[in-house]
1. Is one or more of the residues making up the range 213-224 acidic (Asp, Glu) and modelled with pLDDT of 90 or more?
2. Quickly run through the range 183-199 and pick out the residues that are in contact with a helix residue (DSSP H, G or I) (Cβ under 8 Å, 6 or more places away or on another chain) and surrounded by 15 or more Cβ atoms within 10 Å (Cβ to Cβ).
3. In the range 1-23, which residues are in contact (Cβ under 8 Å) with a residue 12 or more places away in the chain, farther than 15 Å from Gln164 by Cβ and of a type in the set (D, E, K, R)?
4. So which helices (runs of 4 or more DSSP H) stay within the range 1-112 end to end and still have 1 or more residues that are modelled with pLDDT under 90 and surrounded by 19 or more Cβ atoms within 10 Å (Cβ to Cβ)?
5. Scanning for something over 16 Å from the mean Cα position of the chain (by Cα) and among the hydroxyl-bearing types (Ser, Thr, Tyr), does the range 61-84 turn up at least one residue?
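The values are calculated or read from the model by the stated rules, or taken from the named source; none is laboratory data. This one's a predicted model, so the numbers in the text were calculated from it and none came from an experiment. Cβ atoms come from the backbone with ideal geometry, glycine included; neighbour counts cover every protein chain shown.
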Amino acid sequence: MTAQTRLSAIEAIEQADRAEGVLEAYEKAIAEVGAVYLAVIFLPRPGERIEDVCLAWKVPADWREHYASENMFQRDPAVRHSLHTIMPFDWESAPYDPETERGWGEVLQRGRDFGIQKGIAVPVPSPNGMVGAVWCGGPLFNEREPHKPLLHTLGLHVFHRLEQLVGRKSKRNVRLTNRQREVLAWVSEGKTAWEIGCILNLSQRTVEWHIEEACKRLGAGNRLQAIAMLGASLTMF
């Protein structure tokens, strides 16, 4: 990418008056260096999920569903590493202990299965510490190191422009996701986690996780209490 093209990309990002325009300019720029996927997030506060902090997320649909349903956000080495460095880094290079943090290594392994392991993460600093991260990558993004300075600059501009246009979502303390409501609706019908998994094409473990997360958000001690707290508002889709 020439210096003029880089300046044009930054100008397009800064002048965009909608989030769609920002992302269009960013996607066009990273495509020139071989990246096709992207993510723009705020770094999480305690208890936040990917849905709460994501400004933009263009990845394979299956990976997005898997990453969210397995709550991989809370054990992604790259997310954690973004809290401790100001320099861009290769996604797979984010440190973790393979002996005591096997679940963290699983995130990287599953990422390889979906072809998103070849990526660069750009931590975003603020006066009060690290505030966010921008990632881009793709299965054919082989030559990454030479493009770090460019991606660093673009990432900072993209994050701050999206922050201006969209802002950080309020933390949803008691609002359930559609999937959580759907799972609880089936629970209210007397279905077991295994039966719900068969109906929704999810693993039993994932169904149980959705139930647990719904209970946490509602402040319910168990699934029956969660159902009672939702009452008549809990309906099938």
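1. No, the range 213-224 contains no residue that is acidic (Asp, Glu) and modelled with pLDDT of 90 or more.
2. Passing the criteria: Val183, Leu184, Trp186, Val187, Ser188, Lys191, Ala193, Glu195, Ile196, Gly197.
3. Result: Arg6, single match.
4. In the range 1-112, 50-53 are the helices (runs of 4 or more DSSP H) which contain 1 or more residues that are modelled with pLDDT under 90 and surrounded by 19 or more Cβ atoms within 10 Å (Cβ to Cβ).
5. For the range 61-84, residues over 16 Å from the mean Cα position of the chain (by Cα) and among the hydroxyl-bearing types (Ser, Thr, Tyr): absent.
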